Amino acid sequence: MSAPLFLSDHAALIAAVVIGIAFGWTLERAGLGSAKKLAGQFYLTDLTVFKVMFSAILTAMLGAFWLGRLGVLDLSRVYVPGTWLAPQLLGGAIFGAGFAIAGLCPGTSCVAAATGRGDGLAAFTGMFTGILVTGLAFAPLQRFYDSTSRGTLTLPEVLHLPYGTVVALLTGIALAGFAGAEWIERRQRAPEPEHARVATLVPEQEPQA
Amino acid sequence: MNDRPTRSRAYADPYLAGVGLGLVLLAAYVVMGRGLGASGAFAATAAGATNAVAPARAAASPFFARYLAAPGPWRDWLLFELAGVAIGGFLSALLAGRLRREVERGPRISRRSRLVLAFAGGSIMGLGAVLARGCTSGLALTGGALLAAGSWLFIGAAFGAAYLVAPLMKRAWR
């Protein structure tokens, strides 16, 4: 087998719908069609976003690495998003601000809208409007958009480390992150172990009628 | 109506769902030689709509022009994928009994304000996604797992900014 398969145009569009259905299904199952749940990530009350996102990245990263190593998947033929330092730094920051305001990102707004949520539909429509307006007013942005291009730069190249080492490092970081996320959520569930005790101890020392 | 603290228990285990999502992403690499996406579908639709109404304006935008090249915006791979996302999300919620007409919001914000914030946040994400050339799906997930440097830069910038802005948005949720 030599993957990627690169299907015919027609088959590719059918595959797109099938892969999309699986994508939307897993997002909904995880609860990521809920803005409340997503917003919990930013207030550290519910770290589902982090857990889902990083276990997905970990799974796909390890899968791609091992399928590549076993000769099943030709990684040189898999499209890797290019790097443009300034646009991705500023665009990322603008995107993150919008994410915190909307409580949804583009893919999850689609799931939220499809499951009946009005705020999902509003975020979805807003996303479309934002891209439409930016696309129409693109000319002055073009220079910035094309600036600081680094091609298909990867972390192994940046860090001067072998592919496998970076995969191992990120795996370790993600596992530590999961442990940290569980710890944060445990603290949130029992919000004031010390404060509450102090608060109740103090009045108890007072003579009670 | 928004106070259903036990509701989240019905959702799948986040790690299990994450592994499932990772396998979907891996399947996209294997079958298509590319990953998942979302904002690209919005861009293709915006390009196609502009082209239908004002072809000259669409052709004048280098951003739109890319989507107008063969096979054209209405046969864009991500457009079909995002249609699938809506179908998959709908089916999953239907089978789990989670389809509900509602506006998710905290107790201290009106329905209308929440809708305005969702729309405004969506528009801001649109600008950010154009500049960054992707969003949480196509750039963060897809490129993150392939160790693209720009993807990790985007993840850091997006979450950093979200944590800075979130305290100002507290009223929307609690």
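Report yes if B:V116 is under 18 Å from A:A35 (Cβ atoms) and more than 7 Å from every other protein chain (Cβ to nearest Cβ), otherwise no.
Numbers: under 18 Å from A:A35 (Cβ atoms): yes; more than 7 Å from every other protein chain (Cβ to nearest Cβ): yes.
Criteria met by B:V116.
For every residue, the table says whether it meets (1) over 17 Å from A:A35 (Cβ atoms); (2) open to solvent by 30 Å² or more (accessible area, probe 1.4 Å); (3) in a helix (DSSP H, G or I); (4) within 7 Å of chain A (Cβ to nearest Cβ).
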residue: B:G20; (1), (2), (3), (4): yes, no, yes, yes
residue: B:A43; (1), (2), (3), (4): yes, no, yes, yes
residue: B:P71; (1), (2), (3), (4): yes, yes, no, yes
residue: B:L78; (1), (2), (3), (4): yes, no, yes, no
residue: B:A83; (1), (2), (3), (4): yes, yes, yes, yes
residue: B:L99; (1), (2), (3), (4): no, yes, no, yes
residue: B:E104; (1), (2), (3), (4): no, no, no, yes
residue: B:R112; (1), (2), (3), (4): no, yes, yes, no
residue: B:I124; (1), (2), (3), (4): no, yes, yes, yes
Inset, instruction - Could you tell me which numbered condition A:L44 fails, if it satisfies all but one of (1) outside any helix (DSSP H, G or I); (2) without any contact (Cβ under 8 Å) to a residue 12 or more places away in the chain? - result: (2)
Inset, instruction - Provide a single number: the residues in the range B:126-145 that are touching a residue at least 40 places away in the same chain (Cβ under 8 Å) and not in a helix (DSSP H, G or I). - result: 2
Legend entry - So A:L104, is it of a type in the set (A, V, I, L, M) and over 20 Å from the mean Cα position of the chain (by Cα): no
Legend entry - Yes/no for B:Y11 being more than 8 Å from every other protein chain (Cβ to nearest Cβ) and either open to solvent by less than 60 Å² (accessible area, probe 1.4 Å) or modelled with pLDDT under 95 (or both): no
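Can you tell me which residue among A:S55, A:S76 is more than 30 Å from B:L95 (Cβ to Cβ), assigned to a helix (DSSP H, G or I) and among the polar types (S, T, N, Q)? Quick ask: steps written out before the conclusion?
Details: A:S55 fails: more than 30 Å from B:L95 (Cβ to Cβ).
Of the residues listed, the single one that is more than 30 Å from B:L95 (Cβ to Cβ), assigned to a helix (DSSP H, G or I) and among the polar types (S, T, N, Q) is A:S76.
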Legend entry - Selection status of B:G150, within 14 Å of the chain's Cα centre (by Cα) and within 7 Å of chain A (Cβ to nearest Cβ): no
Legend entry - Residue within the range A:82-104 that is facing chain B (nearest Cβ under 7 Å), in contact with a Cys (Cβ under 9 Å, 6 or more places away or on another chain) and of a type in the set (F, W, Y) present: yes
Inset, instruction - Say whether the condition of being part of a helix (DSSP H, G or I) and among the hydrophobic types (A, V, I, L, M, F, W, C) is met by at least one residue in the range A:27-34. - result: yes
Legend entry - Search result, residues across the range A:47-104 that are on the phi > 0 side of the Ramachandran plot and crowded, with 21+ Cβ neighbours inside 10 Å: A:G103
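The values are calculated or read from the model by the stated rules, or taken from the named source; none is laboratory data. Since the model is a prediction, treat every value here as computed from it, not as a measurement. Here Cβ is always computed from backbone atoms with ideal geometry, including for glycine, and neighbour counts include all displayed protein chains. With ligands, DNA and RNA removed, areas are computed over all heavy atoms of the protein, side chains included. Shrake-Rupley method; radii C 1.70, N 1.55, O 1.52, S 1.80 Å.
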